[in-house]
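Enquirer: Encoded as structure tokens, here's the structure I'll be asking about.
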Amino acid sequence: MIRYLLPATVFVVLVVFLAVGLNRDPTRVPSPLIDKPAPTFALPLLKNPDQTLTHRDLQGEVSLINVWASWCGGCYEEHPILVALARSHQVPIYGLNYKDQRAKAMEWLEEYGDPYAAIAFDENGRVAIDWGVYGAPETFVVDRQGIIRYKHIGPLTAEVVQDTILPLVSRLQDG
Amino acid sequence: MIPEIGQFALSIALCLALLQGVMPLAGAQLGRSDWMAVAQPAARGQFLFVVIAFGCLTYAFIVHDFTVLYVWQNSNTALPLHYRISAVWGGHEGSLLLWALVLTAWTFAVTLFSRSLPAEFRARVIAVMGLVSIGMLLFMLATSNPFERVFPAPAEGRDLNPLLQDPGLVVHPPMLYMGYVGMSVAFAFAIAALLGGHLDAAWARWSRPWVTAAWVFLTIGIMLGSWWAYHELGWGGWWFWDPVENASFMPWLVGTALIHSLAVTEKRGAFKNWTVLLAILAFSLSLLGTFLVRSGVLVSVHAFANDPARGIYILMFLTVVVGGSLLLYAWRAPRVGSGGTFEPISRETALLVNNILLVVAAATILLGTLYPLFLDALGLGKISVGPPYFAAVFVPLMLPLVFLIGVGPLARWKQARIGELAYRLRFVLIAAIALGMLVPLTVAGMNTILVAVGITLGAWATISAIVNLAAYVQRAHRPWPRALAGIPRGIYGMTCAHLGIGVFIVGVTLTSAFEVERELRMAPGDATELAGFAFQFHGVRQVEGPNYMARQGRFEVTREGEAVATLRPEKRIYRVQTSPMTDAAIDSSFFRDLYVALGEPLDRGAWGVRLYYKPFVQWLWLGPLMMALGGLLAASDRRYRVTARQHAGLRGDAASVPTSTAPSPGGA
Amino acid sequence: MTPKRKRKLTLIVLLVLSVGTATALALYAFQQTGSLLYFYRPSQVYAGEAPQGRMFRIGGLVVDGSVKREADGLTVRFELTDNAATIPLVYTGLLPDLFREGQGIVAHGRLGEDGLFRAEEVLAKHDENYMPPEVTESLKAAGNKHPAYVPQGKP
């Protein structure tokens, strides 16, 4: 009897490992920036090149930083969610316009709506590199002290906003 | 409307699968023939409704119905019709639908060709397949509905992944799935036999043609995948030991073991427990392959979206199906008798060693595939297991296996004599070794041990297969044309498959030893020489495909001044997905391929270019084709059809079965 | 010996032999160069955690503007970063289709004493969120009015 149970036993061990493996994403590279102060930057605003947005503007209030571009399909996908979130006035959203052209970006906002409190224009993507951006879209949660608390890679979904980002934001706002 | 019909059809199919999975099983247990009778109509109905669902999705692709999320994700108005049809299984949801279609098609085939089986057994087989189908259909409807709508409807689709826009990918997945899922028939036979407590020679005989048929599809599927990687990925490689490739190779190895062990169980009544375990393992590994590909636990070039919800579902499904059947095995197998006895030197032993080698090979590949997962789960760092591991572990295991190809078929059942075997095979051995020495010395002027060993093994497999066939002719004591005609197809099948292995080994040896690769910068007008062929580059020009733009290079290949071929490799950019793709140009012939791929544009019209001379590379696909043909011959052997009609009188207890007095045909 | 016992003995001998061989083979195979490749991030390499002279994998983003081609057209030098540290790499050969500045890649190779990583193989990650803007521009020019959709969840 015992030896006939051997295949089943081996299988159980295998399943345990597979279950553990499922909860780990092998492609994920942990962001070294979580719980670190947001990298310093100073960029011209998209809509008004004479003014700048800097890392100091992010301090004092919990905020979202959304990396986007008019050429980016995922941004188009998540855009309605950002617009709805902005309308609810729960948290200000700053945009980091990434490797884009000013005119195209403005046209894009015209067409699909502008959820952003302010948009920094990162033409060559240097600041995005400092922020560890892999590609657009990405969204960061930054707390009152200007420390990055969370990073979401890829388009936001309603679930991510409801289940992860908003609870985190309200905790940070209360704390 | 059509997509809703498709989804509705899937729901009905699920209901029918429930009926098909539960009623006949209960009926067989309680001895109620009216419940058991549900199996056939339910299975056929389920097949019909899955066909309808599949048709609906195909229709949505053909008419560009982008309101269907899946169509939007995987198609485009510029996509040619044949790729729109193959796009049906180009993504996650659709390939599950194909899986379900193939499963119900196999079940349908079982209802057609199993009328002579005892009613109870047949009901159980169909029910087990129904249970598997419940799992797949539920998975699809719960987590991966291919008919999900998207509002508002996008005007244009995202297009099919360019990597999949290739003729190889049109047929590769269906073939592979026919193989994967075909193993479910053997699995269902095994479970039904365990449930009924009748593991005997008759069971083995019923299973054999099904296993062989599934194995044929799996062989062709893997071969097509390799062929696709060779000409589409642009690296000139044909096997990468990628997790997904391994996932298809493991069931193949175990399936090969199963084919051989079924022979022993049928002829000698031995290895019954082992055979049943192999049947369970072959299908379990197919399911594991599905899990690995679908869940994203492993990084792979083929891996689909990483969706933990899907992964958890498949893992649960895997646990229930595999865990359940292994427990059933542990419970039932001890009661199965051990069957005929045999001596250490016998055909049984040869086949047993064959089985052990194949299963150990599959196990080491499984270890290598999952090792990164184990280490990561234990927090020991992120690693990847590369091809050197697989080559180092796999090749040594195959050496004795190839040796057995020559010995096994000539060895007698029960007890063989070494002297006789050595006598019969002495010339084969001498010839094989002579060829192995000769080829590297004369043909290419290269003398490597690897080539010598490879050629020796290839020659050994080939010549011994022919000698073995000759032995059958000799034993028939008839003039050879009549003797040949009298040999059963199963023997021809075995010979053909073993010849295919010889061809494959020769191909692998010569390709890897004598291939010449060069990467270089070429400006228009530049010429270079590779393995006696002169390649002249004539620059690139813009060309336009239906849904891509490409820069197409032109290379004139000459040999000693005579034109050999014009090769036109392309660098494509697909309009919608915008990913660049390398499309290699290949001039194939029986003894060599010339392969050109464009790298990237450099300064002043020059390009980075990759050139290959690959001798005997076509043999890599010719070999598996011969194996598949051999399987086809074996599966169509007359005796399976005859016994099907004769109700396999071997079964002792079958009261419902008319007794047959005819002797078992086809003696081999 | 009775036939049954003989058979049992054969089985046991075969089993022990095969399991032993398999274990030995697997252990031997794991020792082969390139069999087991550990993965390091540039900051780990920078911190000296990666071995010198042994093959390993490094993954990160190609630093914008760092890609330099040598005169032969095939040798490429570039820098790889994880935004915490940057490591220089050199590679001779054709780069994969998806290799781009700013794109995530994985390279196999060895770290030299000079701190230069000599790559023997470069693989571009199929990062589904990233699309080089230049390409999108050229495509839009080709007549796609809508912002192109980025593929997701593809093999």
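Enquirer: At 37 °C and 0.692 mPa s, grab the translational diffusion coefficient of region A:28-174 from Stokes-Einstein with a Kirkwood Rh over Cα pairs, rounded to a whole number in µm² per second.
Expert: Estimated via Stokes-Einstein, D reaches 218 µm²/s.
Enquirer: Taking R0 as 56 Å, what's the FRET efficiency between B:Ile5 and B:Leu380 from their Cβ-Cβ distance, rounded to 0.05?
Expert: Efficiency at R0 = 56 Å is approximately 0.60.
Enquirer: Considering amide H positions built from the backbone, and no H for Pro or chain starts, which residues 5 or more places from B:Gly539, or on another chain, come under 5 Å of its amide H?
Expert: Correct list: B:Gly525, B:Arg554.
Enquirer: Take chain A, connect every pair of alpha-carbon atoms lying under 10 Å apart with a spring to form a Gaussian network, then pick out the residue of A:His55, A:His89, A:His152 with the largest mean-square fluctuation.
Expert: Fluctuation is largest for A:His89.
Enquirer: Just to confirm my numbers, what's the Cα centroid distance between region B:1-39 and region B:138-189 in Å?
Expert: A separation of 23 Å, based on Cα centres.
Enquirer: Over chain A, with a Gaussian network built from C-alpha contacts below 10 Å, which listed residue (A:Gly154, A:Gly74, A:Gly21) shows the highest mean-square fluctuation?
Expert: Of the options given, A:Gly21 has the highest mean-square fluctuation.
Enquirer: In nm, give the distance between the simple-model label positions of B:Val63 and A:Val160, each being 7 Å from the Cα along the Cα-to-Cβ direction.
Expert: 3.5
Enquirer: Per the helix-only calculation at 222 nm, which mean residue ellipticity applies to chain B, given -39500 (n - 2.57) for every DSSP H run of n ≥ 4 and division by its residues, nearest 500 deg cm²/dmol?
Expert: Taking each H run of at least 4 residues, the total per residue is -21000 deg cm²/dmol.
Enquirer: Still on this model: Could you check the simple spin-label distance between B:Leu625 and A:Asn124, using points 7 Å along Cα→Cβ, in nm with one decimal?
Expert: Roughly 5.6 nm, to one decimal.
Enquirer: Just checking the protein assembly as shown: which Cys have no other cysteine's beta-carbon under 4.7 Å?
Expert: B:Cys15, B:Cys56, B:Cys496 - these cysteines have no disulfide-compatible partner (Cβ-Cβ under 4.7 Å) in the protein assembly as shown.
Enquirer: Using 1/(1 + (r/R0)^6) with R0 = 22 angstrom and r between the beta carbons of B:Phe590 and B:Ala485, what's the FRET efficiency to the nearest 0.05?
Expert: Approximately 0.15, to the nearest 0.05.
Enquirer: Given the pairs B:Lys571/C:Lys68; B:Lys267/C:Lys8; B:Lys382/B:Lys614, which are separated by over 29 angstrom at their Cα positions?
Expert: From the list (B:Lys571/C:Lys68; B:Lys267/C:Lys8; B:Lys382/B:Lys614), the Cα-Cα distance tops 29 Å for B:Lys382/B:Lys614.
Enquirer: Assuming 0.36 nm per residue, please report the length gained on full extension of the stretch B:Arg32 to B:Ala434 beyond their Cα-Cα distance.
Expert: 138.1 nm
Enquirer: Still on this structure, please answer the following. What does the charge add up to near A:Trp68, with Lys and Arg as +1, Asp and Glu as -1, over the other residues with Cβ less than 10 Å from its Cβ?
Expert: So the environment of A:Trp68 carries a net charge of -3.
Enquirer: Would you mind classifying chain B by shape? Square roots of the alpha carbon gyration tensor eigenvalues, ordered a ≥ b ≥ c; an a/c under 1.5 is rounded, otherwise it is prolate if a/b is larger than b/c and oblate if not.
Expert: Note, shape of chain B comes out oblate.
Enquirer: Specify the inter-centroid distance of region A:89-133 and region B:378-418, based on alpha-carbon positions, in whole Å.
Expert: 58
Enquirer: Which of B:Met437, B:Met140 comes first, and how do the rest follow, when ranked by fewest Cβ neighbours within 10 Å? Write down the numbers at each step before the final one.
Expert: Details: B:Met437 15, B:Met140 24.
Lowest to highest Cβ neighbour count: B:Met437, B:Met140.
Enquirer: Rounded, prolate or oblate for region B:317-476? Axes are the square roots of the Cα gyration tensor eigenvalues, ordered a ≥ b ≥ c, and the cut-off for rounded is a/c under 1.5.
Expert: oblate
Enquirer: Something else now. Once you put a point 7 Å from the Cα of A:Arg56 and another 7 Å from the Cα of C:Arg54, both along the Cβ direction, what distance in nm separates them?
Expert: 4.9
Enquirer: If you rank B:Ser325, B:Ser464, A:Ser170 by fewest surrounding Cβ atoms within 10 Å, what's the result?
Expert: Fewest to most other Cβ atoms nearby, the residues stand as A:Ser170, B:Ser325, B:Ser464.
Enquirer: Of all DSSP beta bridges located in the protein assembly as shown, what percent are antiparallel, nearest 5?
Expert: Bridges in the protein assembly as shown are about 85 percent antiparallel.
Enquirer: So for chain B, averaging the separation of alpha carbon pairs under 8 Å that are six or more residues apart and normalising by length, what relative contact order in percent results?
Expert: 12
Enquirer: I'd like the FRET efficiency for B:Val516 and B:Ala309, computed as 1/(1 + (r/R0)^6) with the beta carbon distance as r and R0 of 60 Å, rounded to 0.05.
Expert: It comes to 0.80.
Enquirer: Residues of region B:67-103 with amide nitrogen under 17 Å from the 7 Å Cα-to-Cβ point of B:Arg149?
Expert: Residues B:67-73 qualify, since their backbone N sits under 17 Å from the label point.
Enquirer: What ranking of B:Val473, A:Val12, B:Val353 emerges when the number of other C-beta atoms within 10 Å of each C-beta is taken as an exposure proxy, fewest first?
Expert: A:Val12, B:Val473, B:Val353
Rule-based calculations on the coordinates, nothing more; no lab input. Values in this document were obtained by computation on a predicted structure and should not be read as measured data. Because the Cβ atoms are built from the backbone with ideal geometry, glycine has one as well, and the counts that use them run over all protein chains shown.
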